[in-house]
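First up is the structure itself, then whatever we jot down about it.
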Amino acid sequence: MPLLTRMLNAPLSIDVRRGAVASLGELLADRRIVTEGRVAIAVGPGQGDQIAEHVRPSLSSCEVFHVEGGTVEAAVSLGSRLRAGSYEAVVGIGGGRTIDATKYAATLSGIPMVSVATNLSHDGICSPVASLVHDKGKGSFGVVMPLAMIVDLDYVHAAPDRLVRAGIGDVVSNFSAVEDWLLAADECGERVDRMALTVARTAAEALLHQPGSIDSDRFLTVLAEGLVLSGMAMAFAGDSRPASGGDHEILHAIDQLFPDTGNHGELAGIGAAFCYHLRATRLGAGEDRLEEILACLGRHGLPRFPADVGLTAEQFAEAVQYAPHTRPGRYTILEHLSLDEGETRKAVHEYVQAHGG
Ligand SMILES: [Zn+2]
């Protein structure tokens with residue numbers, strides 16, 4: 001009989017709640033991730049040190065490493081320190097940058113990684129992709145997905161609001177990413193993994209309609225689980241397709257052309273809204289979704305327009321023009337419309353005028 005199913009890679013455990021880090025030692029031992037007690041802990045600048053101290057008593061022995069920023073260099077240096085110390089596992093504690101650098105280091109040194117997220121700024125907290133800075137800008141690198149994932153809501157509440165709410169933009173951008181995927185299927189015959197698409201879109205749908213704000217545990221749980229599901233959708237698909245379309249091309253272009261404007265999730269949200277504007281005005285589809293996305297971003301105080309992240313309409317148009325170069329081979333609404341410079345500027349002005357109030 002043929003095997004009428006498939007195996008999907010997923011983390012061994014996902015724990016989103018208040019006080020979750022207290023069970024880290026138990027998780028490592030119970031799941032036999034660590035049997036001899038050789039654990040490395042990688043912490044970033046934020047609350048990492050404090051959490052490391054908090055979890056230390058639950059581990060028989062561990063060594064703490066500081067990760068200096070989310071660069072390839074920092075990740076490679078951590079990777080060689082991990083290899084030299086023959087650790088059984090590494091626990092990455094921190095925000096997106098620390099976790100991405102640790103994922104890359106764990107992949108280089110061939111040991112499993114447990115991800116402990118202290119903010120919810122993007123879906124890299126549990127994905128097979130690491131976004132790291134190198135000499136020519138920022139790049140996405142394929143890595144092994146974290147083996148287990150912990151989000152402790154006590155620490156998320158203590159993180160800067162801006163870094164927590166940014167993840168909303170990243171999850172909501174899944175809508176635009178899956179529309180781009182379906183467009184690529186229609187126009188170029190690209191294969192769509194419906195399982196991955198469903199997971200990515202359902203995560204966004206749940207968040208879009210979730211009342212409350214980042215002050216409530218209930219909302220934070222939906223947000224954290226949405227980010228985890230986005231990461232898993234990417235793992236199922238084998239690439240970032242379900243969570244990265246024209247929206248992310250625009251964000252990468254802004255990062256390259258005008259560094260240090262908004263963070264990943266903030267720019268993903270604006271990118272998604274603008275891609276929906278193009279869809280609504282050029283393809284006559286998705287008008288309702290555009291309104292829902294703008295309302296959601298607005299409700300949570302996330303940027304929606306170029307000026308909200310300190311860009312002029314002209315600079316934003318320049319980034320939109322450049323966007324397809326950031327991800328060659330990915331067909332999205334941007335490649336589909338292939339607007340020239342003048343048309344792009346016009347579209348950006350229309351978007352700001354129609355929705356900017
Ligand atoms: Zn993203």
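The values are calculated or read from the model by the stated rules, or taken from the named source; none is laboratory data. In this text the structure is predicted, and so the values were computed from the model without any measurement. Neighbour counts are summed over all protein chains in view; Cβ atoms, including those assigned to glycine, are modelled from backbone coordinates with ideal geometry. When the accessible area is computed, the model is the full protein with side chains, heavy atoms only, and any ligands, DNA or RNA have been set aside. Shrake-Rupley method; radii C 1.70, N 1.55, O 1.52, S 1.80 Å.
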Quiz prompt | Condition check for residue 212: touching a helix residue (DSSP H, G or I) at 6+ places or on another chain (Cβ under 8 Å), outside any helix (DSSP H, G or I) and either away from the ligand (no atom under 14 Å from the Cβ) or open to solvent by less than 20 Å² (accessible area, probe 1.4 Å) (or both) | solution = yes
Quiz item: Say we look at the stretch 215-268 and pick out the residues that are closer than 15 Å to residue 122 by Cβ and of a type in the set (D, E, K, R); which of these is nearest to the ligand (Cβ to nearest atom)?
Solution: 247
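Please go through the stretch 238-251 and pick out each residue that is of a type outside the set (S, T, N, Q) and modelled with pLDDT of 95 or more. Working first, answer last.
The initial filter retains those residues of the stretch 238-251 that are of a type outside the set (S, T, N, Q), namely 238-239, 241-243, 245-251.
If the condition is that a residue be of a type outside the set (S, T, N, Q) and modelled with pLDDT of 95 or more, then 241, 242, 243, 245, 246, 247, 248, 249, 250, 251 are the ones that fit.
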Self-check item: Qualifying residues in the stretch 88-110 (those that are open to solvent by 10 Å² or more (accessible area, probe 1.4 Å) and either at positive phi or modelled with pLDDT of 95 or more (or both)) - the one nearest to the chain's Cα centre (by Cα)
Solution: 104
Quiz item: Which of the following residues is over 20 Å from the mean Cα position of the chain (by Cα), part of a loop (DSSP other than H, G, I, E, B) and on the phi < 0 side of the Ramachandran plot: 290, 311, 278?
Solution: 311
Quiz item: of a type in the set (A, V, I, L, M), surrounded by 21 or more Cβ atoms within 10 Å (Cβ to Cβ), more than 14 Å from the ligand (Cβ to nearest atom) and assigned to a loop (DSSP other than H, G, I, E, B) - does that describe any residue in the stretch 116-135?
Solution: no
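For residues in the stretch 297-356 being basic (Lys, Arg) and under 19 Å from residue 268 (Cβ atoms), which is most open to solvent (accessible area, probe 1.4 Å)?
Restricting attention to the stretch 297-356, the residues satisfying the condition of being basic (Lys, Arg) are 299, 304, 327, 330, 345-346.
Filter once more, so that each one left must be under 19 Å from residue 268 (Cβ atoms): 299, 304, 327, 330.
On the way: 299: 125, 304: 74, 327: 79, 330: 15 Å².
Top of the filtered list is 299.
Within the stretch 215-251, work out how many residues are under 24 Å from residue 15 (Cβ atoms) and either buried (at least 24 other Cβ atoms within 10 Å of the Cβ) or of a type in the set (A, V, I, L, M, F, W, C) (or both).
If we filter the stretch 215-251 for residues that are under 24 Å from residue 15 (Cβ atoms), which is where we start, we get 215-236, 242-243.
This time we only want the ones that are either buried (at least 24 other Cβ atoms within 10 Å of the Cβ) or of a type in the set (A, V, I, L, M, F, W, C) (or both), so: 219-220, 222-224, 226-236, 242-243.
Number of matching residues: 18.
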Quiz item: Can you tell which of 145, 149 is surrounded by fewer than 24 Cβ atoms within 10 Å (Cβ to Cβ) and either assigned to a loop (DSSP other than H, G, I, E, B) or away from the ligand (no atom under 15 Å from the Cβ) (or both)?
Solution: 145
